[in-house]
Amino acid sequence: MNTISTPRQLEGKIALVTGASSGIGRASAIELARRGAKVVVAARRKDELDQLVQQIAAGGGDASAFAADVSKEADIRGLVDYTVKTYGRLDIAFNNAGTEGMFAPLLEQNDESFDKVFDPNVRGVLNSMKYEAEVMLKQGSGSIINNASMGGLIGFENASVYIASKHAVVGMTKTASIEWFRKGVRVNALCPGLIETPFHHRGIWPSVEAQQQFVTGTPAGRWGSAEEMATIVAFLASDDSSYVSGHALVADGGYSVA
């Protein structure tokens, strides 16, 4: 965790974080709460969410948990409704939940692998943005951040469906930002690179050696941390980024420009 003293510039704000049970989502929920926001954390694994709520409360923060599968529209609607009924409004939304799907040559991809990735990564983000924005547009203010990955801007071998899904997230981010900025709602995307989370260790790599070669080939020469990504989410959520919308912020240790 960043040890630098952070002003509570999100005091009084209400935040929603999907995919909050681990990794970047969990770190972001903690960081938003540390900066003063009241946070609703969502994921499919309720027990892990409850542990996160306890951790935030132990640090003096305010959080509550809601079990939801973002690939199901009814769950998203219920999540946003719960947030507004519990806290009265919604100021910040970090749409972080997603999956990597099957990493294989394009010729081996099929409808099943497509649906497995596009349901949470694209349909889930689309519906999340829609229900979140309905609330924010009525308020005349709000910040939506979508987790798009550096894969939303570049390509990788054997990752066609995943890459396509993250390009779609960037496209929706840019389009929504045009529609909503003058109405007070900003929309941006975070595009992380190799981040030390469970997500990046779940069967993506053919070997530990290949994984390490990829990491050392990044100009940073190391993994990024979930906490580093969380500080970027907090920036995009705050008024410090009041003139930033439609931006895909790349945090990849320099990989995409190397």
Can you name the condition, by its number, that ARG222 falls short on among (1) touching a residue at least 24 places away in the same chain (Cβ under 8 Å); (2) of a type in the set (D, E, K, R); (3) not in a loop (DSSP other than H, G, I, E, B)? (3)
Filtering region 69-114 down to residues that are under 30 Å from GLY36 (Cβ atoms), touching a helix residue (DSSP H, G or I) at 6+ places or on another chain (Cβ under 9 Å) and among the polar types (S, T, N, Q), which residue is surrounded by the most Cβ atoms within 10 Å (Cβ to Cβ)? ASN95
Among the residues of region 18-42, what is the count of those that are assigned to a helix (DSSP H, G or I) and either of a type in the set (S, T, N, Q) or in contact with a His (Cβ under 6 Å, 6 or more places away or on another chain) (or both)? 1
Which condition number in (1) in contact (Cβ under 8 Å) with a residue 24 or more places away in the chain; (2) of a type in the set (Val, Ile, Thr); (3) under 26 Å from THR231 (Cβ atoms) is the one that VAL122 fails? (3)
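To keep it simple, each residue is scored yes or no on (1) under 25 Å from GLU227 (Cβ atoms); (2) acidic (Asp, Glu).
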| residue | (1), (2) |
| --- | --- |
| GLU48 | yes, yes |
| ALA57 | yes, no |
| ALA63 | yes, no |
| PHE66 | yes, no |
| LYS85 | no, no |
| PRO105 | no, no |
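Kindly indicate the residue of region 79-109 that is among the charged types (D, E, K, R) and outside any loop (DSSP other than H, G, I, E, B) and also farthest from SER21 (Cα to Cα) among those meeting that condition.
So the first thing to find is which residues in region 79-109 are among the charged types (D, E, K, R), and the list is 81, 85, 89, 91, 100, 108.
This time we only want the ones that are outside any loop (DSSP other than H, G, I, E, B), so: 81, 85, 108.
Numbers: ASP81: 20, LYS85: 22, GLU108: 31 Å.
Across region 79-109, the extreme among qualifying residues is GLU108.
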Among the residues of region 178-205, write down those that are touching a His at 6+ places or on another chain (Cβ under 8 Å) and modelled with pLDDT of 90 or more. ASN188, ALA189
Do we find a residue being among the hydrophobic types (A, V, I, L, M, F, W, C), buried (at least 20 other Cβ atoms within 10 Å of the Cβ), modelled with pLDDT of 95 or more and farther than 13 Å from ILE24 by Cβ anywhere in region 244-254? yes
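Only one of LYS116, LYS85, LYS72, LYS138 is touching a Gly at 6+ places or on another chain (Cβ under 7 Å), free of Cβ contacts under 8 Å to residues at least 40 places away in the same chain and charged (D, E, K, R). Can you tell me which? I'd like the intermediate steps shown before the answer.
Values: LYS85 fails: touching a Gly at 6+ places or on another chain (Cβ under 7 Å); LYS72 fails: touching a Gly at 6+ places or on another chain (Cβ under 7 Å); LYS138 fails: touching a Gly at 6+ places or on another chain (Cβ under 7 Å).
Being touching a Gly at 6+ places or on another chain (Cβ under 7 Å), free of Cβ contacts under 8 Å to residues at least 40 places away in the same chain and charged (D, E, K, R) holds for just one of LYS116, LYS85, LYS72, LYS138, which is LYS116.
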Kindly establish whether GLU112 is among the charged types (D, E, K, R) and not in a helix (DSSP H, G or I). no
Taking LEU32 as meeting all but one of (1) touching a strand residue (DSSP E or B) at 6+ places or on another chain (Cβ under 7 Å); (2) surrounded by fewer than 21 Cβ atoms within 10 Å (Cβ to Cβ), write down the number of the exception. (2)
Restricting to region 206-258, what's the tally of residues that are over 17 Å from ASN146 (Cβ atoms) and in contact with a His (Cβ under 9 Å, 6 or more places away or on another chain)? 2
Quick check on my filter: what residues within region 165-196 are of a type in the set (A, V, I, L, M, F, W, C) and either in contact with a Leu (Cβ under 7 Å, 6 or more places away or on another chain) or crowded, with 20+ Cβ neighbours inside 10 Å (or both)? VAL169, VAL170, MET172, ALA176, TRP180, VAL185, VAL187, ALA189, LEU190, CYS191, ILE195
In region 115-144, anything crowded, with 24+ Cβ neighbours inside 10 Å, of a type in the set (Ser, Thr, Tyr) and part of a helix (DSSP H, G or I) is listed as SER128
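The values are calculated or read from the model by the stated rules, or taken from the named source; none is laboratory data. Just so we're clear, the structure is a prediction, and the values are computed from it rather than from any experiment. Backbone-built Cβ (ideal geometry, glycine too); neighbour counts: all protein chains shown.
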